[in-house]
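One structure below.
Bear in mind these aren't lab numbers, they're just calculated from the coordinates by the rules spelled out. Please read all numbers here as calculations on a predicted model, not as lab measurements. Cβ: placed from backbone, ideal geometry, glycine included. Neighbour counts: every protein chain shown.
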Amino acid sequence: MGTTTNEMVLEVKNLQAVFFTNSGLFRAVDNLSFNVRRGDTLAIVGESGCGKSVSALSIMRLVPDPPGRVVGSKAPTCSRSTTRRCGLSEATASP
């Protein structure tokens, strides 16, 4: 069994991502929080349209502004200089 450390590689607190539409404000992600330590794996799963992709794009700071914007009490942080070094990636699965 491998050893784990307490080094935090990703911290997300109260992440919110919103999109400004002709119909008004759309909250795609609302108050998402989690921590990932070195050696851990986190999978975000859910139904289509529940905010998985927007969450990942928000953490990687790839949400187009406008029409979207990442807001919240604490922006996602990574202990490395780039998200790639943190091992962040987005994958899709088909049933």
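Computed 3J(HN,Hα) for the range 65-72, one whole-Hz value per residue from the Karplus formula 6.51 cos²θ - 1.76 cosθ + 1.60 where θ = phi - 60°, is 10, x, x, x, 7, 8, 10, x, glycine and proline marked x.
Between residue 23 and residue 45, what FRET efficiency comes out of the Förster formula 1/(1 + (r/R0)^6) with R0 = 25 Å and r the beta carbon distance, rounded to 0.05? Intermediate values should be presented prior to the final figure.
Numbers: r = 28 Å, r/R0 = 1.13.
Using R0 = 25 Å, I get an efficiency of 0.35.
Amide H to amide H, with H built 1.01 Å from N, residue 29 comes under 5 Å of 17, counting only residues 5 or more places away or on other chains.
Residue-wise HN-Hα couplings along the range 28-34, as the Karplus relation 6.51 cos²θ - 1.76 cosθ + 1.60 with θ = phi - 60° gives them from phi, are 7, 9, 9, 6, 8, 9, 6 Hz; Gly and Pro carry x.
Under 5 Å from the amide H of residue 37 lie the amide H atoms of 9, each residue being 5 or more positions distant or on a separate chain, with H modelled from the backbone and absent for Pro and chain starts.
Packing, as the average of other Cβ atoms within 10 Å across residues, places the peptides 40-47, 11-18, 25-32 in the order 11-18, 25-32, 40-47, highest first.
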